[in-house]
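Visitor: Dumping the structure here so I can ask a few things about it.
The numbers here are math on the coordinates, done by the rules we state, and not lab data. Small disclaimer: the values here were computed from a predicted structure and weren't measured. As a convention, Cβ positions derive from the backbone with ideal geometry for all residues, glycine included, and neighbour counts pool all protein chains shown.
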Amino acid sequence: EDIEGERRFDAVIAEDSRIEPRDWMPESYRKSLTRQMSQHAHSEIIGMQPEANWITRAPSLKRKAILMAKVQDEAGHGLYLYSATETLGTDRDTLNDQLLTGRAKYSSIFNYPARTWADMGAIGWLVDGAAIANQVPLCRASYGPYGRAMVRICKEESFHQRQGFEILLELSRGSEAQQKMAQDAINRFYAPALMMFGPSDLDSPNSQQSMAWNIKRFSNDDLRQRFVGMIVEQVKVLGLSLPDPDLRYDEASGQWLHMELDWDEFKRVLSGGGPCNAQRLARRREAHENGAWVREAAAAFARKQQDEQDE
Ligand code: FAQ
């Protein structure tokens, strides 16, 4: 036990300043951050799949180039976040192993299929939109490497959201079939996107401590209703609608009241029973195995360079 370290940690948190990798921190803080950050990293990596699925079928060369760049950005975010997580003392192989063996969580949203081109619009607009709403406050997270990673990631996510919105806008101005396809994508992604913010506050075991440590700044429900308030305006520009007839702003509480979400479905998806869980993990394992030669070659090259330096 490090009494001086603990005193310093408490003071840093109290003055809303930053903890850095070499600072003393409680084991529970290290563990909870490792949990959240690694889940976040896994989400970025698994999150590449629904969109990668459409790269070969993008409707034009321009759309294909944009989508490829977006999916590459997601890979970058994943690598960034794995590096930040490693500063807490768990190495990349261990984190990766947790994902590949199905022991680690990743965002529920990526277990839903991307069925049509309009889904690329809905993912950009709603999924990246939810990601931004959740992640902008994380730019101020008390752990330095996480907060700094979030700043860069949020900039790229804003661009991703606009490209999604623009896909939907173009479809909404197109033929009747295109308008229908856009509306159908929004209908399917709306509730799963709201679930990205996590369980309701009454059912969120980590929130209280994470907020006391200045990791999370707002509760799950608070961010969720704010996000709804954003998209309710944006959907008007699209001339489309949200599949939530009861949605309204409550003057008294200053909150957006949205529909009740299906938490049984949420739990099912988290425990591996969503529409694409098995497929996503199988694909990730396959990609990891196919990449073995790259890892071996990179390690051999690093050894060779080290030997040359030592000579
Ligand atoms: N999916 O006590 P809480 C992206 C788990 S964006 C799966 O409320 P916490 C960008 C939670 O981990 C998506 N699991 O937990 C992109 C906990 O389990 P544990 C990634 C969920 O941590 C866009 C349990 O339920 N973003 O990738 C979910 O205080 C497009 C109890 O929950 C982030 O990870 C869920 N939706 O709050 C990429 C953001 N919700 O760990 C490609 C950072 C909850 O105790 C394409 N993370 N769980 O076993 C966070 O802000 C938080 O971790 C929350 C959950 C808000 C997700």
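Visitor: Taking R0 as 41 Å, what FRET efficiency do you get between residue 278 and residue 65 from their Cβ-Cβ distance, rounded to the nearest 0.05?
Guide: FRET efficiency, residue 278 to residue 65: 0.85.
Visitor: What does the helix-only formula give at 222 nm for the chain: each DSSP H stretch with n ≥ 4 adding -39500 (n - 2.57), the total divided by the residues, and the result rounded to the nearest 500 deg cm²/dmol?
Guide: So the calculated ellipticity at 222 nm is -20500 deg cm²/dmol.
Visitor: For region 3-18 and region 192-218, what is the separation of their Cα centres, given in Å?
Guide: 23
Visitor: Determine the relative contact order of the chain: mean sequence separation of Cα pairs under 8 Å and six or more apart, normalised by residue count, in whole percent.
Guide: RCO, the chain: 18 percent.
Visitor: Using a Förster radius of 30 Å, what is the FRET efficiency between residue 32 and residue 301 based on their Cβ-Cβ separation? Nearest 0.05, please.
Guide: The computed FRET efficiency comes out at 0.25.
Visitor: Could you work out the longest stretch of the chain that avoids the trypsin sites (Lys or Arg not before Pro) located in DSSP loops with at most 10 other Cβ atoms within 10 Å?
Guide: 104-311
Visitor: Starting at 0 and stepping by 20 Å, how many percent of the alpha carbon pairs of the chain end up in each bin?
Guide: With a bin width of 20 Å, the distribution comes to 30, 56, 14, 1.
Visitor: Take the cross-link list 62/236; 31/105; 155/236; 31/70; 236/267; 70/105 and give me the ones stretching past 21 Å between alpha-carbons.
Guide: Correct reply: 62/236; 155/236; 31/70; 236/267; 70/105.
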